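Down below is the structure, laid out as structure tokens.
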Amino acid sequence: MAINYVTEEGLKKMKEELAQLEGVERPKIIQQIAEARDKGDLSENAEYDAAKEAQGHLESKIASLKILLANSRVLDASKIDTSSVQILNKVTIKNVKTNATMTYSIVPESEADFKAGKLSVTTPIAKGLLGKKVGEQVDIKIPAGTVTFEIVEISI
């Protein structure tokens, strides 16, 4: 499996989610299975079937999360350079046509949250900005067409 780059915050969230799934959700499902089993004939027990199916989904999610955690590497923000756009940089860009400015943090895909201004490194805008310096203009093809952005500021 590929290496999954995360921030310290992203790693913490994954660990919290795993603890929630193993410590809270798993015991709930085990309880549901036990209650359904106590109702008798398992061959015609829809509650039992639903609880077993939910258990299967939960165990699959737990296993996937454990693999993701095992393959995660924390990005060290102290080693991030601001001379050009990189992952973990905060970038202020200006749409040359409309003069609208936007600020985004370039983050690993698993931590993207557009509403919070966290742009996945795999998006067309982030890909177009990577490696560029303050003052440079870059044409980025987005679903609405090609937009020219100017890089105004790069920070951490």
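The values are calculated or read from the model by the stated rules, or taken from the named source; none is laboratory data. All figures in this text were calculated on a predicted structure; none of them were measured in a lab. Cβ sites come from the backbone with ideal geometry, for glycine too, and all protein chains shown count toward neighbours. Surface areas here come from the heavy atoms of the whole protein model, side chains and all, with no ligands, DNA or RNA. Shrake-Rupley method; radii C 1.70, N 1.55, O 1.52, S 1.80 Å.
Tabulated data
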{"item": "For the chain, the spread of Cα positions along each principal axis, largest first, Å", "result": "72, 35, 25"}
{"item": "Region 114-156 - convex hull of alpha carbons, volume per residue in Å³", "result": "85"}
{"item": "Amide H partners (placed H, <5 Å) of Glu153, local residues excluded", "result": "Thr92"}
{"item": "Pair Ala54, Glu35: separation of 7 Å Cα→Cβ label points (nm)", "result": "0.8"}
{"item": "Solvent-accessible surface ranking, highest first, for Lys133, Lys127 at 1.4 angstrom", "result": "Lys127, Lys133"}
{"item": "Relative contact order %, the chain, counting alpha carbon pairs below 8 Å whose residues are six or more apart", "result": "23"}
{"item": "Antiparallel bridge percentage (DSSP; both residues within the chain; nearest 5)", "result": "75"}
{"item": "5 angstrom amide H check on Tyr5, placed H, neighbours 5+ away", "result": "Arg73"}
{"item": "Rg/Rh ratio calculated on Cα atoms of region 12-91 (Kirkwood radius)", "result": "1.30"}
{"item": "Projected label distance in nm at Ala144 and Thr122, using a 7 Å step from Cα toward the beta-carbon", "result": "2.4"}
{"item": "Karplus-derived 3J(HN,Hα), 6.51/-1.76/1.60, for each residue of region 144-156, Hz, glycine and proline x", "result": "7, x, 9, 10, 9, 10, 10, 7, 8, 8, 10, 9, 10"}
{"item": "For region 129-134, Karplus couplings with θ = phi - 60° (6.51, -1.76, 1.60), whole Hz, Gly/Pro x", "result": "8, 4, x, 7, 10, 4"}
{"item": "Residues with amide H under 5 Å from that of Lys118, placed H, sequence gap 5 or more", "result": "Ser105, Asp113"}
